[in-house]
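What follows is a set of notes on a single structure, which appears directly below.
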Amino acid sequence: MLDHDSAGIWAQWNRAYTFPTSSIWQLSIKDRYPESLCSIIKVKDEILARIGSISAGITVVTSWYKNGKFRVGLAYDWFRSHGPSVFLFKALQGPAILPKHSVTATLAALRKLPTVDLLISREMVMINRCTLCKQMPETHRHLFFRCLYSQQVWQGLVHWMSLPTRSNALDTELKWMVQSRGRHHWKHNWRKSCIAAAIYHIWKERNGRIFSGQETQPATLIEQIKYIVKIRLLACNSHGS
């Protein structure tokens, strides 16, 4: 509406008094602009940042119209992040997994846990640094798979789980587990239980350092995970699972 000759009063007023000599695609946020216009300019800036040119940006916005009507769903689908399909759901569910382990692992798979990068996007913290290794920015992928502390924990568990490690990326191994044969074998359930417990305890260790100032060495955390997994498997076996 702001870019074309719209008959709307709000659009006409902005074109006549707010930016009479410019296009909406050329505007920058100013203190005198109303909040509604500033919000549109922010969206415009994000489109240009992704596309790179005004003509391409206009083409993108035009594609959000169908039969002459603006479709919110098309715009939302363009803006939302398109990540890979979450294969961890199948790997992290089952009777051998404690419910709290399954919930935490599922949230981690969806990247919904409040890691530092997510808190920064919500303007709740200012500095992004991993709580465990204190070296790299904290993201879901780094915290659970790439952090030096987490890698030590996984290295201690991979041998115990008898995983045929072919790469340094644990998520690759999880995908292999989901697609492998014998998914209903007890050994497969044992591995799933161990993976979910590891994700839960890594997250618990991270929160413990923030809120309680308590640190657990990787070797100690590995033994805790093994003990909990053994107890869970024994409980499942006693109930005939």
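Every number in this text was worked out from the coordinates using simple rules, so none of it is lab data. Please read all numbers here as calculations on a predicted model, not as lab measurements. We place every Cβ from the backbone using ideal geometry, glycine too, and count neighbours over all the protein chains shown.
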Protection-proxy order for peptides 70-82, 139-151, 201-213, 102-114, each taking the mean of Cβ atoms within 10 Å per residue, highest first:
139-151, 102-114, 201-213, 70-82
Extension gain Phe79-Gln26, at 0.36 nm per residue separation less the Cα-Cα distance, in nm?
17.0 nm
Approximate spin-label separation Lys134-Met1, in nm, with each point projected 7 Å along Cα-to-Cβ:
5.4 nm
Could you calculate the FRET efficiency of Ile54 with Glu223 from 1/(1 + (r/R0)^6), where r is the beta carbon distance between them and R0 is 51 Å, rounded to 0.05?
0.30
Residue by residue through region 12-28, the couplings from Karplus 6.51 cos²θ - 1.76 cosθ + 1.60 with θ = phi - 60°, in Hz, x for Gly and Pro, are 5, 5, 5, 5, 7, 10, 8, 9, x, 10, 10, 9, 4, 6, 9, 7, 10
Once the Cβ-Cβ distance between Ala16 and Lys42 is put in as r, and R0 is 22 Å, what FRET efficiency do you end up with, to the nearest 0.05?
0.45
For region 216-228, in residue order, the Karplus 3J(HN,Hα) values (coefficients 6.51, -1.76, 1.60; θ = phi - 60°; whole Hz; Gly and Pro = x) are 10, 5, x, 4, 5, 5, 4, 5, 5, 5, 4, 4, 5
Any idea how far apart Arg71 and Lys187 come out in nm if each label point goes 7 Å out from Cα toward Cβ?
4.9 nm
